[in-house]
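Accompanying notes for the structure given below.
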Amino acid sequence: MKRGSHDCQSRLPDNTALKQQQLPAYRLQLTATKILSGFFITGVFCLGAGVILLLSAKNIKEVEINYTEKCSDCAKLRENTANFDKECTCSIPFYLPEAMKGDVYMFYKLYGFYQNLYQYVLSRSNSQLMGIDIKDVSNCAPFKNSHNGIPIAPCGAIANSIFNDTIVLSYNLNSSMSIKVPMLRSGISWWTDKYVKFWNPGSQNLSSAFAGTAKPPSWPKPVYELDEEDPENNGFINEDFIVWMRTAAFPTFKKLYRRLSRIQHFTEGLPAGSYSFGITYNFPVTKFQGEKSVVLSTLTWSGGSSLFLGLAYTVTGALTWLAFFAMMAIHLRLKERKTLFHQE
Amino acid sequence: MKPQSLLESDPIDDYLTTKPRIPFKIPEEVPSGNYGLVINGYSLAHALEGNLELELLQTACMCKGVICCRMTPLQKAQVVELVKRYKKVVTLAIGDGANDVSMIKAAHIGVGISGQEGMQAMLNSDFAFSQFCYLQRLLLVHGRWSYNRMCKFLSYFFYKNFAFTLVHFWYAFYSGFSAQDVNETWSLRFPELYEPGQHNLYFNKKEFVKCLVHGIYSSLVLFFIPMGTIHNSVRTDGKEISDYQSFSTIVQTSLLCVVTMQIALETTYWTMISHIFTWGSLGFYFCILFFLYSDGLCLMFPNVFQLLGVARNTLDWPQVWLSVVLSMVLCMLPVIGYHFLKPLFWPVRVDKVIDRIHHCMSHPLPPRIRTRLKHAGSRRSAYAFSHKQGFGALITSGKTLKAKFPKKNSFPFKK
């Protein structure tokens, strides 16, 4: 039985490296030396990074004042929602023993406020906030329309629950005179949020641009009156509003409120001395057992004053070194035993 | 037949009398000497009847080798099916003629030899090649690799899915020496390396539980490390980093880096293709990430693509990358440590064989005397039988055998 030679060859796979599975390959072999040296180097790196992070976190100065209880009469007033139009102010003095050098940031911090609740996170309308379609309230249940059926701008539960306390920091120059510390309202939100994601609709005149919409039920003023002094900070592009709309991941969170403006007495930061916070208490937290506080803090390259990353790296580095020494000991002991065994 | 088989307590007798519903498997037995069984088709016709087939199987399994000759194609298939039904094994049938087709189809794995007998065996088989001797390579090299790779894939698949899904689960509480492998030459020389496949060692319930545990541990690391990093934190310029969208991006990036490292660890042979797909898929993730979070797409569909600018704002801060690196270290080091320590403390037969291989490699033996291998190359095998005149001369002329060694074989073998 003869077969034509071309018949045989056509069935053969090509003699290329790919088809014959003969591609040049590097064989990954984890030998003992590689593993042990890897563990050692990782341990060194983690310990070093941990120490650096801890040192930089220690340099941060932070002052936190929880004012839920300190302004207890205001808190009680706000528990009854009928008192919404009664203003309540509260003044909290405190003392800075050391100067806070460099840039100082003021945050408000909330405890027990679940901005990460699923229905809450969904309740917003990005097309409205981008200025594309101001009447699109489709995702904003339960704050879609006002009681007259007019669409709310900005709609949704996130916008409705905006943090509306006003916090003013004052510095006591001497026993009789106190000045307001100059703070900047701008530059507290992400650039992409302020200039791309949030955009005011239509024309220059904001009140006419927002015609045909209603303010959210919990707001005292409509959105185009958020900052009448600065048109760049009014309407949807108001930075406090943008910062609030970026929902936090955990029930305890702090959001940037103001930045120190380094002019006049404060070119080097906040000098030591006595200060006070003047708070207009509007945001009710006691009903859901939440708390709020104000935080003044300097920052370093690694962010806020959280010691977690530094500690985690140090602990990991220590454990890795421990594992390295243990594995090295085991490896050497067993190697001795093996060479003895082979010699026999 | 052994004397005990006449007793009522013998399991086979018990089966024959009661015929229970559950499938019956013959227990393993070790014979006291070396036996072989030769049976021809005519006798097989009687031996495969009714109750005698179990006796035949039991006897045959106690022999070192069994030769059944002069069988009809149907009998070949019946023998294979007999073994399949009553023994817990994987069967392989190899044949080259049209009369072997039923046997090839009956076995778990059918291997066809393409050659003088035609194409039928090849067309009906799972694997086909041209020489019987390639069977050794098929089993010990390709079969072993295939099993190892399948098990690695399954473990990795389940681990990756557990790691990812469980991260969601943890969030809800808050709103939420490798097996040192060997190359082909060694796997042919040490057939014991094939055993884990036979005993189903690399992916069974125990391995599944192991990768479940690994997935749970990874998910804990992948959730709590980013959470701790951003919990009370802000960026260096004071702006937000602890928001929901940034958190999810950081967790996602950590997860992808960790599982890529895991698969890099599992890959034994790194060809250009492995490099392209492994690192390429990680790079592709970042491309897709930036695309999905880009201005253009989010402006076009604002209510669908909501994460505008998150990647740009999150992924260029040192604390985020430090957290990713820490997650990678915490996930990978225990795995590497386990691969290092396991062959030392709980060596399996495979590890012991690998030890022997390493020992051989560091103390090479003098080259073996070649005469025995030469004989194997020039021995005429007895597999060919002719049912038609004219083939004998062709076979004995040696033209059908491939030259095994580049040096010319100067042993003319005369029948």
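Laboratory data are not the source of any read-out in this text; all were calculated from the coordinates shown. Remember, predicted model here, so these are calculated numbers, not experimental data. Note that each Cβ is placed from the backbone with ideal geometry, even for glycine, and that neighbours are counted across all protein chains shown.
Centroid-to-centroid, using Cα positions, segment A:94-165 and segment B:189-248 are 34 Å apart. The modelled label-to-label distance for the pair B:Val89/A:Asp73, using points 7 Å beyond Cα in the direction of Cβ, is 9.5 nm.
Legend: distances between Cα atoms for A:Lys19/B:Lys160; A:Lys101/A:Lys255; B:Lys88/B:Lys352; A:Lys58/A:Lys101; pairs beyond 24 Å are A:Lys19/B:Lys160; B:Lys88/B:Lys352. Computed with the Debye formula from one identical point scatterer per Cα of segment B:239-294, without solvent, the log10 of I(q)/I(0) at q = 0.20 Å⁻¹ comes to -0.79.
The convex hull defined by the C-alpha atoms of segment A:75-233 has an orientation-averaged projected area of 12.7 nm². Would you work out if segment B:35-159 is rounded, prolate or oblate? Take a ≥ b ≥ c from the square roots of the eigenvalues of the alpha-carbon gyration tensor; rounded if a/c is under 1.5, else prolate when a/b is larger than b/c, oblate otherwise. Verdict is oblate for segment B:35-159.
Considering only C-alpha atoms, what is the centroid distance from segment A:201-259 to segment B:31-96, in Å? A separation of 85 Å, based on Cα centres.
What are the semi-axes of the equivalent ellipsoid for segment A:226-299, taken as the square roots of 5 times the Cα gyration tensor eigenvalues, largest first, in whole Å?
24, 20, 13
Return the calculated 222 nm mean residue ellipticity for chain A, to the nearest 500 deg cm²/dmol, obtained by summing -39500 (n - 2.57) across DSSP H runs with n ≥ 4 and dividing by the residue count.
Values: 9 runs with 102 residues, N = 344.
Helix-only estimate at 222 nm: -9000 deg cm²/dmol.
Against chain A, whose longest principal axis is taken from its Cα atoms, helix A:32-58 shows a tilt of about 10°. As a size descriptor, the averaged projected area of the C-alpha convex hull of segment A:305-344 was calculated at 2.4 nm².
How much net charge surrounds A:Ile150 when only other residues with a Cβ under 12 Å from its Cβ are counted (Lys, Arg +1; Asp, Glu -1)? Before the final figure, lay out each step's value.
Numbers: positive: A:Lys135, A:Lys144, A:Lys215; negative: none.
That sum, taken over residues with Cβ under 12 Å, equals +3.
Of the trypsin sites (Lys or Arg not before Pro) found in segment A:1-107, those in coil by DSSP whose Cβ has at most 11 other Cβ atoms within 10 Å are A:Lys2, A:Arg3, A:Lys19, A:Lys86.
Out of all Cα-Cα pairs in segment B:19-99, roughly what percent, to the nearest whole number, are more than 19 Å apart?
Working: 1264 of 3240 pairs.
Pairs farther apart than 19 Å: 39 percent.
Starting from the eigenvalues of the Cα gyration tensor, five times each then square-rooted, give me the equivalent ellipsoid semi-axes of segment A:179-249, largest first, whole Å.
Values: eigenvalues 83, 49, 38 Å².
The answer is 20, 16, 14 Å, longest axis first.
How would segment A:1-148 be classified by its alpha-carbon gyration tensor: rounded, prolate or oblate, with rounded meaning a/c under 1.5 and the a/b versus b/c comparison settling the rest? Cα axes put segment A:1-148 in the oblate bin. A Förster radius of 22 Å, combined with the Cβ-Cβ distance separating B:Asn34 from B:Asp355, puts the computed FRET efficiency at roughly 0.15.
For segment B:210-368, the equivalent ellipsoid derived from the Cα gyration tensor has semi-axes of 42, 19, 12 Å, listed largest first. Computed over segment A:95-149, the alpha-carbon pair-distance distribution with 10 angstrom bins reads 18, 28, 23, 15, 14, 2, each value a whole percent. Remark: relative contact order (chain A) = 35 percent; criterion is Cα-Cα distance under 8 angstrom and separation of 6 or more residues. Measuring max minus min along each principal axis, the C-alpha atoms of chain A give extents of 100, 65, 39 Å (largest first). Working note: Cα atoms of the protein assembly as shown, range along each principal axis, descending, whole Å: 123, 66, 65. Pair-distance distribution of segment B:193-269: all C-alpha pairs, bin width 5 Å, starting at 0; shares per bin in whole percent are 3, 13, 15, 17, 15, 11, 9, 6, 5, 3, 2, 1, 0.
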